[in-house]
Amino acid sequence: MLFSVDFFSRPFDHFLSSDDSGGFRHERTVFRDDAQWGGPEPAPSTTIRSAGQLHQVLYVLQDAASLWYPECLAAVFRVIHGDTVQNVPTTAPTLLLTAMCDLYQAVFYEIYDDIRYGVDLRDLSTRAARILHRTFQAYQ
């Protein structure tokens, strides 16, 4: 089974609530509707401008993954969200925020390829943690 979202082509901004671009007073829900993923990518309606928004987006994705995916794949989302909480301070400057968004999207892209090429799902959270290590090429 190939999982639905290639996060490298769909920026995290697509999962940011457009109801309140300054904060998250409204719950954001990710719907599992495969019909939405075809065709050209629309521009996101809002962009991530704060660490709090990035944390919230990754939390929403982690929550959705825990409902839709096997536990071993949902663990990847927890690893990435946990890394965000530890390494992206709430006062992160824009440059760091952009770099970390790019890094996390690169991790999802690597994991997407692993799934596509049949890597054992039980190894994915360990692989995600290795990719997030500062010595991995995606981190550069």
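If packing is taken as the mean number of other Cβ atoms within 10 Å per residue, what is the order of 66-79, 89-102, highest first?
Output ranking for 66-79, 89-102: 66-79, 89-102.
Please work out the Cα center distance from segment 85-140 to segment 56-78, rounded to the nearest Å.
14
Computed from the coordinates by the stated procedures, all read-outs in this text should not be read as laboratory data. Keep in mind it's a predicted model, so treat the numbers as computed, not measured. We place every Cβ from the backbone using ideal geometry, glycine too, and count neighbours over all the protein chains shown.
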